[in-house]
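The values are calculated or read from the model by the stated rules, or taken from the named source; none is laboratory data. Keep in mind the model is a prediction, meaning the values are calculated, not measured. Methodologically, a virtual Cβ is constructed for each residue, glycine included, from the backbone with ideal geometry; neighbour enumeration extends over all protein chains shown. Remember, those area values only see protein heavy atoms, side chains included, never the ligands or the DNA or RNA. Shrake-Rupley method; radii C 1.70, N 1.55, O 1.52, S 1.80 Å.
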Amino acid sequence: MAGKNERQRRQARERYRRQQEMRTVRQRQVRKRWLTGFSAVAAAGLVAALLVVFLPGGSAKKDPSASAKKSASASASASASATATASTVAEPAHHCTYTKATPVSKKVSFPPSAPDYTASYTATIKTNLGPITFNLLNSKATCTVNSFVHLAEVGYFNNTQCHRMVTSGPYVLQCGDAYATSTTKLDCSTTSVVGTGTPGYEYASENLTDAKYPAGTVAMANGGTATSNGSQFFIVYKDSSSTLGSSYTPFATVSSGLDIVQNVAKDGVSCTYPSAEGGGIVPKKKVIIDSVTIKKT
């Protein structure tokens, strides 16, 4: 009996050790895929508990003038770094390169490497709150549009939630992680993987030269480098050019439905996850993407 009890205790200790290891891995993953330049903003005290794609973390704002100076400096350096490694292919691109990435929140095929660079596209995002329509900037961010169209057509975005809302500058609603399904409870758990997901591939940023982010801009979130774009994107509901720098690929503009996002922002956020080490800020009003329909002309 003593031997059996000892085995049970060893097994329990081993299970606990494995759980702790998994928790650590997940926390590290969460720090890898939010709007990343936001970490500089958070460190300056402009946003609490912010991103990877946005690397999270931060502290309360103390000196507004000092924070503004630090933010401007951080944004400029982040922008220069991103531009240095972003795609230098002339737009519209005639060839796209997509490389393997993890973690995979929903496995899909890679987009075609030969985009239809002469096409014009619109996207209709059917949500539980009403439709939001985008004009896709195919001539300026061809490979990004090629990927977005592909993900929409294979149903990657179907029945997912917009998992992050930032209401203190930048002003964005972030969507596109299949880990956040329509039934996922964004409960601010420290072990949440929401916000870390990729479609199994990544690619380089585009359209960054003098990029601006007025209200209605749709841009790609990334994992901290200009080659780590995947499926996650954000909708800017109030001008955020001064806080985003030029580090995120603008690939569409909202043609209708921006008021839906603005109303979600007015309702505020419910909680921050996963704890002070960083993660997401959950919108109080749930935004579910039922489907994304592409129209090509």
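Taking the Cβ of CYS96 as the center, what net charge do the other residues with Cβ under 15 Å away carry, scoring Lys and Arg +1 and Asp and Glu -1?
-2
Which net charge results when you count Lys and Arg as +1 and Asp and Glu as -1 among the other residues whose beta-carbon is under 12 Å from that of PRO214?
+1
What does the highest-first list of 158-169, 229-240 look like by mean Cβ count within 10 Å?
Ranked from most to least packed, the peptides come out as 229-240, 158-169.
Once you list every other residue whose beta carbon is under 15 Å from the beta carbon of VAL236, what net charge do they have if Lys and Arg are +1 and Asp and Glu are -1?
Cβ neighbours under 15 Å give a net charge of +1.
Explain nothing, just compute: Karplus ³J(HN,Hα) = 6.51 cos²θ - 1.76 cosθ + 1.60, θ = phi - 60°, for every residue of the stretch 158-167 in order, whole Hz, x for Gly and Pro.
4, 6, 10, 9, 7, 9, 9, 10, 10, 10
Using 21 Å as the Cα-Cα cut-off, could you pick out the over-long pairs in LYS266/LYS286; LYS185/LYS238; LYS238/LYS266; LYS140/LYS295; LYS100/LYS140?
Exceeds cut-off: LYS185/LYS238; LYS100/LYS140.
Of the accessible area of the stretch 95-228, with the probe set at 1.4 angstrom, what percent is carbon plus sulfur?
50 percent
Using the heavy atoms of the protein chains alone and a 1.4 angstrom probe, what is the accessible area of the stretch 197-266 per residue in square angstrom?
For the stretch 197-266, the solvent-accessible area averages 29 Å² per residue.
Can you pull a Stokes-Einstein diffusion coefficient for the stretch 179-274 at 37 °C (0.692 mPa s), Rh from Kirkwood over Cα pairs, as a whole number of µm²/s?
221 µm²/s
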